[in-house]
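The values are calculated or read from the model by the stated rules, or taken from the named source; none is laboratory data. No experiment lies behind these values; they were computed from the predicted model shown. Here the Cβ positions follow ideal geometry from the backbone for every residue, glycine too, while neighbour counts run over all protein chains shown.
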Amino acid sequence: MVCVTLARFEPLRRPVEISTRALTDSLTQVQNGPTVLGFIRTQWNGYAALRGTHLSAAREVGCYATHGLALEALRQRPRSI
């Protein structure tokens with residue numbers, strides 16, 4: 001007789017509440033509570049996700065086709081290589 005127990009796994013992606021604030025027509029600040037995650041800048045070919053607490057020191061994570069994809073890139077943890 002074989003006994004099988006099913007264990008519930010943690011979801012791979014934990015929900016994180018983020019909020020946005022429009023600084024200008026082409027610049028949006030993304031934050032998680034009091035912590036600034038980064039900025040999204042509108043470009044001619046899409047949306048650039050910039051990670052960092054200050055705009056002058058933020059580095060570009062990538063350029064995305066939609067605003068939602070850029071938000072998702074900032075919501076995820078940064079990769080360490």
Practice task
Return a yes/no flag: does region 30-44 have any residue that is part of a loop (DSSP other than H, G, I, E, B), closer than 17 Å to E17 by Cα and without any contact (Cβ under 8 Å) to a residue 60 or more places away in the chain.
Solution key: yes
Exercise for the section: Inspect all residues belonging to region 72-81 and state whether any of them is among the β-branched types (V, I, T) and either touching a residue at least 60 places away in the same chain (Cβ under 8 Å) or over 21 Å from S19 (Cβ atoms) (or both). Expected result: yes
Exercise for the section: May I ask you to say which residue of R8, R21, R14 is among the basic types (K, R) and either at pLDDT 85 or above or touching a strand residue (DSSP E or B) at 6+ places or on another chain (Cβ under 6 Å) (or both)? Expected result: R21
Exercise for the section: Search region 18-29 for residues being among the polar types (S, T, N, Q), in contact (Cβ under 8 Å) with a residue 12 or more places away in the chain and touching a helix residue (DSSP H, G or I) at 6+ places or on another chain (Cβ under 9 Å), and hand back the single one that is farthest from Q76 (Cα to Cα). Expected result: T28
Practice task
Report whether or not A48 is out of contact with any Asp or Glu (no Cβ under 7 Å at 6 or more places or on another chain) and among the small types (G, A, S).
Solution key: no
